[in-house]
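No lab work stands behind these numbers, since they all come straight from the coordinates. Just so you know, these numbers come straight off a predicted model, no measurement behind them. Methodologically, a virtual Cβ is constructed for each residue, glycine included, from the backbone with ideal geometry; neighbour enumeration extends over all protein chains shown.
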Amino acid sequence: MTAVLPRLSDAAVTAALDTVIDPELDEAVTDLGFVRSVVVEGTDVEVHLRLPTSFCAPNFAWLMVSDARDALLAVPGVGRVVVELDDHHDSDLINAGLAADAGYRGTFGHEAELSLDELRATFQRKAHTAAMERALTEWLRADASRTEQAVGDLVLADLPAGTSRDSLLSRRAALGLPTDPSSPVLLTPEGTRPAPETVAMTLRKARSVRISVDGNAHFCRGLLTTRYPGSDADQVFRPSIDSALPLEVLR
Amino acid sequence: MYSKDGNDYFVVDAHIALWDARPENQRNIHGKQFIDCFYDYHRNLSPESELWPYEEYLYQGGERLMRDVFVDGIVDHAVFQPARLGEFYERGFGQTEEAWALTQAHPDKLTYNHWFDPRDGEAGLDQLRADAERFQLKGVKLYTADWHGDSRGWKLDDPMAYRYFEVCRELGITNVHVHKGPTIRPLDRDAFDVADVDHVATDFTDLNFIVEHVGLPRLEDFCWIATQEPNVYGGLAVAMPFIHSRPRYFAQIMGELLYWIGEDRILFSSDYALWTPKWLVESFVDFQIPADLTEYAPISVDQKRKVLGLNAARLYDIPVPERLQVADADATATGPRDPDAADKNLAMA
């Protein structure tokens with residue numbers, strides 16, 4: 001009698017990795033092309049991640065590899081999980097810490113103080129701000145007679161159904177911000193409705209966040225392709241409000 | 001000087017380097033990783049005609065630097081902004097003696113800024129005084145992500161850094177160029193956080209803080225701080241070459257900068273030898289914010305003149321022919337300097 005060894009499904013592994021977000025870019029590591037390899041053997045899985053430069057900030061690198069490990073460990077029926085970061089100036093340190101389950105502080109020693117929770121929260125707020133601006137700029141561009149001032153009166157129910165609204169709602173939910181249809185779309189960084197005289201300024205601040213996040217994501221994708229030729233095939237671009245007008249002019 | 005369509009531009013390249021990243025100068029793997037990272041930037045953002053082979057990228061030497069930076073007489077003056085990187089390179093990354101010798105040979109064309117590192121303690125303070133006298137320093141370049149023993153970064157508002165800024169103030173070193181690299185410690189916080197710039201700019205109002213790379217990858221945080229401080233400037237090193245590979249993103253960056261910090265506080269830089277200035281100056285003079293980016297007003301010839309050279313010339317007292325001068329913008333000391341630059345309805349009119 002031969003026992004049939006269970007095998008982890010590739011789909012389950014991919015689905016797990018899809019939940020791992022680059023906090024700075026607010027996109028999944030799978031869409032960014034950061035997953036270099038996935039090897040499944042029976043119930044064991046080994047995943048290698050790669051980043052656009054050797055000098056990408058190690059705290060964000062740690063968040064992504066440790067999140068990937070946690071996500072894979074949560075896959076039902078999974079056996080041994082190995083996640084490694086390749087070609088980074090802190091690869092040895094991070095991979096050893098991860099393998100030993102040493103945690104953030106155990107891995108980085110004197111360079112770590114408490115936790116990365118606040119860092120993560122800072123970038124969740126930025127992700128929400130950028131998503132809010134995308135939805136509002138899309139609304140503004142849809143009709144030339146709409147003014148920036150009018151943005152202050154907009155509620156969630158006024159936004160057309162689609163990616164921008166869905167994306168905003170999910171980021172609201174992650175931060176515990178209101179998602180009911182009567183909630184204002186434009187919120188200050190504190191999560192409150194801005195006073196009428198600060199509406200335009202609040203929108204422009206949000207715009208600078210969106211431009212920064214989207215510009216960084218674009219540049220990171222480009223650098224990854226330069227560093228790992230062919231990795232562009234692994235990249236999926238976020239639907240952009242500038243989609244008809246790409247940021248990049250290809251050579 | 002650069003001339004195009006009847007307009008003349010006085011050009012100052014506010015950020016150049018004379019580096020040596022050849023294998024014999026690399027101290028460890030990080031020396032290679034560092035220059036490889038630069039080379040990937042170069043490859044990713046350069047037009048094909050401006051691409052260099054890797055071997056040439058490692059080291060240029062003074063003669064080639066003079067040719068590259070001052071070719072066709074476009075750049076009038078350039079400022080060295082050296083990085084130490086003593087943990088990565090045997091003789092450091094920026095080549096002090098070579099750059100200084102070149103500056104002495106071409107004092108009308110070159111200014112030499114040096115670095116300091118507050119982690120050098122009291123001895124570093126004495127060294128700063130000696131360096132200020134030797135190089136007649138008007139500015140310093142600070143790289144907060146530099147490694148130093150078991151430290152992998154520092155902050156501008158560290159108490160020891162304040163001692164150094166006090167010496168800068170005393171010696172008339174008024175231009176503090178800051179490169180916010182990915183500072184490591186503490187890892188808990190955003191490595192690219194520019195909040196420390198806010199603190200020192202408030203406490204040293206008689207010093208100018210030029211944030212290189214306009215705060216990238218935290219353009220938004222930089223704009224927000226710079227708009228509140230009259231003595232915070234933005235250097236366009238690394239942002240410039242987006243003009244070719246991602247012109248719409250470059251337009252957004254310029255649109256944001258003009259709105260938040262205004263035309264008098266933006267400095268052109270090629271970041272040589274990451275890129276060469278000629279094609280960047282030519283592209284910038286031809287550049288216009290696309291009309292369909294209705295969030296921004298167009299950029300004017302006078303604004304380009306200021307960015308390309310006049311703003312830096314003022315910070316470094318570089319003489320500019322009277323006919324090439326442009327009047328200051330009538331901007332407020334703080335707050336969005338040019339609200340019209342991002343007025344949707346005005347831009348669409």
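Structure above, values below:
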quantity	calculated
Debye intensity ratio in log₁₀ form over the Cα atoms of region A:117-231, taken at each q of 0.09, 0.20, 0.23 Å⁻¹	-0.27, -1.08, -1.34
Relative contact order of region A:117-231, defined on C-alpha pairs under 8 angstrom at six or more residues apart (%)	32 percent
Diffusion coefficient, µm² s⁻¹, Stokes-Einstein with Kirkwood Rh over alpha-carbon pairs of region B:110-256 at 20 °C and 1.002 mPa s	135 µm²/s
Within 10 Å of each Cβ in A:114-124, the average number of Cβ atoms from other chains	2
Electrostatic dipole magnitude of the protein assembly as shown [Cβ: Lys, Arg +1; Asp, Glu -1; Cα centre; debye, to 20]	540 debye
Descending principal axes extents, region A:72-118, alpha-carbon based, whole Å	36, 26, 18
Intensity falloff of region B:1-90 expressed as log10 I(q)/I(0), Debye formula with alpha-carbon point scatterers, at q = 0.15, 0.20 Å⁻¹	-0.69, -1.08
Tally of Lys pairs whose C-alpha atoms are under 17 Å apart, taken over the protein assembly as shown, 8 or more apart or cross-chain	11
Span from the region A:81-125 Cα centroid across to the region B:122-199 one, whole angstrom	27 Å
Cα gyration tensor, the protein assembly as shown - rounded (a/c under 1.5), prolate or oblate	oblate
In Hz, Karplus ³J(HN,Hα) per residue of region B:225-239 (6.51, -1.76, 1.60; θ = phi - 60°; x = Gly, Pro)	6, 5, 6, 9, 10, x, 10, 10, 10, x, x, 8, 3, 6, 6
Relative contact order (%) - chain B, alpha-carbon pairs under 8 angstrom, separation at least six	18 percent
Rounded, prolate or oblate (a/c below 1.5 giving rounded, otherwise prolate when a/b exceeds b/c) for region A:10-111 by Cα gyration tensor	oblate
Viscosity 0.890 mPa s, 25 °C: Kirkwood-radius Stokes-Einstein D of chain A over Cα pairs, µm²/s	122 µm²/s
Pairwise FRET efficiency - residue A:9 versus residue B:170, Cβ, R0 = 56 Å, nearest 0.05	0.25
Region B:101-171: C-alpha gyration tensor shape, a/c 1.5 cut-off, then a/b vs b/c	prolate
Cα pair count fraction exceeding 35 Å, expressed as % - chain B	17 percent
